[in-house]
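Here is the structure we will look at, set down as structure tokens.
What follows draws every value from the coordinates through simple rules; no lab data is involved. Everything numeric here is computed off the predicted structure, so don't read it as measured data. Quick reminder, even Gly has a Cβ in these numbers, built from the backbone with ideal geometry, and neighbours come from all protein chains shown.
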Amino acid sequence: MTTTHQSQQSPYIKVKRSRIHGTGVFAKKDIPKGTKIIEYVGEKITKAESSRRSDAQIESAKKTNDGAVYIFELNKRYDIDGNVPWNTAKYINHSCNPNCEVEIIRGHIWIISTRDIKKGEELSYNYGFDLEDYEDHPCRCGAENCVGYIAAEDQWPKLKRKLARKKSRKK
């Protein structure tokens, strides 16, 4: 497996406490739409290793209440485990109304601004989770359009139906 040890510095960002969740990444200066802000880096691992590490982290989280899994899908064969000290991008939080998106460009995972971002604004992207175990991933983004759980936008209609059914069963 490949490990990249270059420290992820970006002239655009700083890491500090976040109102969304723990630690976040904030714009150090205005960032124009379409800017490659920072690369998501870490250890390149197989899907099998990725699954093993995710399961172990989830089990550990049940005891420690630290639910952070920093594994990012790279392609059909490999993932990137971003749980390394030099990966600043791991601190970018999820939002239902994000100002960034992820693009995989020639085997590299880039965080790119989808609109102009003002100095001091927190960076975010939609983590794109499916609905399996959605209840384990409550969303705290605070966006007006927040659906309450971390889920890919294309999953929102299905999620809203599930939540409506759940609510009607409680009555």
Only Lys, Arg (+1) and Asp, Glu (-1) charged, at Cβ; the chain dipole about Cα centre in debye = 700 debye
Cross-link list K36/K76; K16/K36; K76/K166; K118/K162; K16/K47: which exceed 28 angstrom alpha carbon to alpha carbon?
-> K76/K166; K118/K162; K16/K47
Going toward the positive end of the dipole of the chain, with +1 on Lys and Arg Cβ and -1 on Asp and Glu Cβ, which of G24, Q9, N75 do you reach last?
-> G24
Site H137, offset 7 angstrom along Cα→Cβ, radius 18 Å on amide nitrogen, limited to region 96-114, gives 96-104, 110-111
For region 81-171, listing GluC sites (Glu not before Pro) in a DSSP loop whose Cβ sees at most 10 other Cβ atoms within 10 Å gives E132, E144
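Quick check on the chain: of the DSSP beta bridges with both residues there, what percent are antiparallel, nearest 5%? Display every interim value, and only then the final one.
On the way: 26 of 28 bridges.
Around 95 percent of the beta bridges assigned by DSSP in the chain are antiparallel ones.
Where does the charge balance sit around S10 when Lys and Arg score +1, Asp and Glu -1, over other residues with C-beta under 12 Å from its C-beta?
On the way: positive: K14, K28, K29, K36; negative: E39.
Once positives and negatives cancel, what remains is +3.
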Check: C-alpha center region 66-140 vs C-alpha center region 14-32, spacing in Å is 13 Å
Give the label of the value calculated from the structure for Rg and Dmax of the Cα atoms in Å, choosing from [x] 16.6, 54; [y] 19.8, 66; [z] 17.2, 62.
-> [x]
Grab the DSSP H runs of the chain that are 4 residues or longer, score each as -39,500 (n - 2.57), total them, divide by all residues and round the 222 nm result to the nearest 500 deg cm²/dmol.
-> -6500 deg cm²/dmol
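Tell me the net charge near Y40. Cut-off is 13 Å between Cβ atoms, Y40 excluded, with +1 for each Lys or Arg and -1 for each Asp or Glu.
Counting the neighbours of Y40, the net charge comes to -4.
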Go through region 13-101 and name the trypsin sites (Lys or Arg not before Pro) that are in a DSSP coil and have 14 or fewer other Cβ atoms within 10 Å of their Cβ.
-> R19, K28, K29, K33, K76, R77
